[in-house]
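Before anything else, here's the structure in question.
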């Protein structure tokens, strides 16, 4: 850490320390984070909720399970009011680990302490249950979000569509895409990549495949802008092996290529 910076913050407030700590965490600067914590301990500076939140983010990103739980328990012991951001970070962390029981326990604790969840909280839980194949639970969480007036977003819709596609439930995936678009969220290149991957899993069942390939074709056509296709559609075409075709030719080539054994080998398609 720069010596002048170090000297200038020796008598700074917790806000200043948090600002610097957050900056070093964002840069993944381990020595910088360590130096700020050393200075805070030396002064000493009492940690705020923001300090703990930054530290949870730091140790989560480095995969240090023990430190994450230690910090969270320290907040409880000090009777620090845990806010939605800390809870959401803890829930997200546990969802990524596949520890859904712990994640929902924290979610229930939020309700008991009258801490209102936000879109990030629900997004983490929906991602976790989708990964675990619990699509009914994801639908319940989605409904709960709407009933509480929490804004939906593309990430949540794409996560759920992906969950359905990975289980071959293309009817449900396309149903959710329709709901998404009715709510004002236009399918993006990630949505179509997810749907393409779902189709790849069906390519040996040609009756089912044809039904959904045509649906995907209609969806790609809906992205048409003027005389050509949007950048998202072109990106999808490139992902499927179509270089720079225009208009309807591009969309037809995309869906035709989905039926190719070389592309639909069960491993899915990845965007560049």
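Being closer than 30 Å to residue 144 by Cα and in contact with a helix residue (DSSP H, G or I) (Cβ under 7 Å, 6 or more places away or on another chain), is that true of even one residue in segment 37-51?
yes
Which is out of contact with any strand residue (DSSP E or B) (no Cβ under 6 Å at 6 or more places or on another chain), buried (at least 18 other Cβ atoms within 10 Å of the Cβ) and farther than 27 Å from residue 58 by Cα, of 191, 159, 178?
191
Now, a different point. Which number in (1) at pLDDT 95 or above; (2) part of a loop (DSSP other than H, G, I, E, B) marks the one condition that residue 168 misses?
In the conditions (1) at pLDDT 95 or above; (2) part of a loop (DSSP other than H, G, I, E, B), residue 168 misses (1) alone.
The values are calculated or read from the model by the stated rules, or taken from the named source; none is laboratory data. Everything numeric here is computed off the predicted structure, so don't read it as measured data. Using ideal geometry, Cβ is built from the backbone for each residue, glycine included, and neighbour counts are taken over all protein chains shown.
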